[in-house]
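Some notes on the structure that comes next.
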Amino acid sequence: MREMLKKRAHFLELVSQVGRIINRELDTEQLLRTTVSSISSILGYYNNSIWFTDGNSLFLRAYSFSGEDKIARITNNQFPMEGIIGWAIKDREVKYVPDVYKNRYYIKHRIKLKTKSECTIPLKQKNIIIGALDIQSDVIDAFSDEDIHILTIVADQLSVALQNAKLYGEATRQAERLSAVNTLAEAVNTTLKVDELLEKAYGIIKDLFRFDVFYLALYDEKNETLDYRIFIDKKVRKEPARKHLSKGHVSALQVIKSQKALNIENLSEYLKDSPDISQQEIAELPITLLAVPLKIGERITGVISIQSYSKNVYSKEDEEFLYTLADQIAIALENARLFKNLHNELIQRKNVEDQLVQAQKMEAVGRLAGGIAHDFNNLLVAILGYAEILSEKLEGKNNSLKRYTAEIEKAGNRAADLTRHLLAFSRKQVLQPKIIDLNLLLDEMEKIITRLISENIEKDFNLSKPLTPIKADPMQIEQVIMNLVVNARDAMSKGGKLTIATSNIEFDKEYIDEHPVVNKPGLYVMLAISDTGKGMNKETLSRIFEPFFTTKEIGKGTGLGLSTAYGIVKQSGGYIWCESEPKIGTTFKIYFPSIDDKIEISGRDIAQEKKLSGSETILIVEDDDRVRNFISESLQLLGDRKSTRL
């Protein structure tokens, strides 16, 4: 009688303790551990365990032996739906076996157990069997009806506790997922760098899902390529890679084709049913797989996939949540793409505006230089003319004044040279254009160019053949080339490489819209002169075509070489601009309109000196008094009568 009361007291204590567990424990694993420990310590049965069901399988989740080792153990070992436990679950009722060795359902274990009697009680939630509480004794017929009744109460309490833990776990997981969505939404609004955004997304997914393989690939529909930006296999990060869609992963291929999520519980069976599909790049075949598309509207922009080497099945809820994250990521990527495009467009617009301002500035400077050069040239005509007359009158006389006239002529000629440069820049000089082949011109100049540059400079001619003809003054084009070669040589004082290249090129309307400096679409011939010298910064680059601007030392440059080249090219109907990077080098590109005509072969005319004289009457029309007077006096010296009219 005393033993019976003692046993009942133990059972009531167990019921009370399990009740307390229900009220305070919301972690499933801790709940399982505490329950089996309580049964072992209070009732002292040989072995007790808790099992969960999944289809036709049993999963041992917790167990404890009552001997010296009463530590509860948590596992997830899988077994077939067999034995006394499987029998109880299939029949959906309590099964008590007084002597297990006389029961046909009992299965002997590989390790020898002391089990002699066994009681299995199904765990129910809303009339659904979720598992079983299994109690084993090392005594035959160890359980009375009252024992079984109280153990059934314990099992019912455990079912309620498991339901509460499940609801709590789902609520916690839902809260975590909601927090993750908010975090990702915040990243959408604050992060415009693609790699930073993708790393944030990966960190969130890693914290919320169990997987062995993860990849996030961006899809280029036009080229049918996948850009694997993040690829993790068993915690090992692989290098980013770009692959053609046909060589990508089965998940990516199928998701992009179907434009739907792909949730596979057994990848091996899936591939057997789809013989035309092969898994790529993962040496070990995953068991389960979940992949969802990144979509903007109906356009696929990428794929996210999580995969597991164990039977970690992804639920419909997992799929929907990953879809939600994928939508957020797709929006963020689209925002980043639009921002990048806008940024590039603004930079391009700024460059276009800078080019237009530079062109307008050069035009204004050209007009100013042309006006100054014209007036200055009139002064020089009178200065040099009268100096020449004076020199002739002093000819044959031993007069010290001849030395002074020579200096006047020397200084005047120097000034006249500067004036010619300014006239060239302002596009007001007289040209003698011909149909020429730029390649032939460069071939003729090769020896001169070789003499111009230093021995430590390598020369490379890269001339495209056949080259369409252009119409320009060959003498002036030679001057342009010489000026640019000299500049390149001076930029490579320690040696380097000079490259001269030609090619045919076509400017379409789109290019013209983006480059306002060029205003006529059509076929052009390009001349490029590049060096590997010290290069120029942006500030210097913006001023290189200005007259008298130079970075050379005093006495080593006039600052008119590039401005002269600019004027000649513009007067010839062409375009010139420069690209340069400090410590990398400089490239000048010149574009001449191509001409569909025959090349003119003609040598340089050699002027024949003749004795000038006459008795004609010549009308002089000139608005500058000094020039008009000089011309009149010069003609009188030659014997002509004059008649001056304005």
- Task: Among 261, 240, 324, flag the residue with its Cα farthest along the positive direction of the charge dipole of segment 226-344, charges on Cβ as +1 for Lys/Arg and -1 for Asp/Glu.
- Result: 240
- In the full protein assembly as shown, how much of residue 499 is accessible to a 1.4 Å probe, in Å² to the nearest 10? 40
- Between residue 310 and residue 109, take the C-beta separation as r, use R0 = 35 Å, and let me know the FRET efficiency to the nearest 0.05. 0.90
- Item | Separation in nanometres of the label points that stand 7 Å from Cα toward Cβ, at residue 538 and residue 486 | 3.1
- Taking the C-alpha atoms of segment 293-344, how large are the radius of gyration and the largest Cα-Cα span, Dmax, in Å? 14.1, 47
- Query: What length, rounded to one decimal in nm, is gained on full extension from residue 239 through to residue 176, with 0.36 nm per residue of separation minus their alpha-carbon distance?
  - Reply: 19.7 nm
- Task: Please say if segment 105-144 is rounded, prolate or oblate, where rounded means a/c under 1.5 for a ≥ b ≥ c the square roots of the C-alpha gyration tensor eigenvalues, and otherwise the choice is prolate for a/b larger than b/c and oblate otherwise?
- Result: oblate
- Around residue 49 (Cβ within 13 Å, Cβ-to-Cβ, excluding residue 49; K/R +1, D/E -1) the net charge comes to +1
- Given labels modelled 7 Å from the Cα in the Cβ direction, how far is it in nm from residue 395 to residue 102? 15.3
- Item | Estimated dipole of segment 439-500 in Debye, rounded to 20 [Cβ of Lys and Arg +1, of Asp and Glu -1, Cα centre] | 120
- Of 588, 630, which has the most accessible area and how do the rest follow, probe 1.4 Å? 630, 588
- Item | Area accessible to solvent at residue 459, 1.4 Å probe radius, in Å² | 60
- Of 578, 119, which has the most accessible area with a 1.4 Å probe, and how do the rest follow in descending order? 578, 119
- Calculate the spin-label point distance for residue 270 paired with residue 511, positioning each point 7 Å from the Cα along the beta-carbon direction, and give it in nanometres. 4.9
- Item | Gain on full stretching of the segment that runs from residue 193 to residue 493 - 0.36 nm per residue minus C-alpha separation | 103.8 nm
- Note on the structure: Descending accessible area (1.4 Å probe), largest on the left, turns 135, 287 into 287, 135
- Accessible area of residue 106 in the full protein assembly, 1.4 Å probe (Å², nearest 10): 40
- Message: Between residue 629 and residue 432, what's the calculated FRET efficiency when r is the beta-carbon distance and R0 is 30 Å? Round to 0.05.
- Response: 0.50
- Hey, what's the Kirkwood Rh for segment 209-334 if you take every pair of different alpha carbons, in angstrom? 14.5
- Provide the FRET efficiency to the nearest 0.05 for the residue 93-residue 140 pair, computing r from the beta carbons and using R0 = 22 Å. 0.50
- Item | Carbon + sulfur, % of accessible area of segment 202-321 - ligands and nucleic acids excluded, 1.4 Å | 46
- Can you work out ³J(HN,Hα) from phi for every residue in segment 332-339, in order, using Karplus 6.51 cos²θ - 1.76 cosθ + 1.60 and θ = phi - 60°, giving whole Hz and x for Gly and Pro? 4, 5, 5, 4, 5, 5, 5, 5
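The values are calculated or read from the model by the stated rules, or taken from the named source; none is laboratory data. Just so it is clear, the model here is predicted, and its values are computed rather than measured. Because the Cβ atoms are built from the backbone with ideal geometry, glycine has one as well, and the counts that use them run over all protein chains shown. Accessible surface is based on the protein model in full, side chains and every heavy atom, while ligands, DNA and RNA are left aside. Shrake-Rupley method; radii C 1.70, N 1.55, O 1.52, S 1.80 Å.
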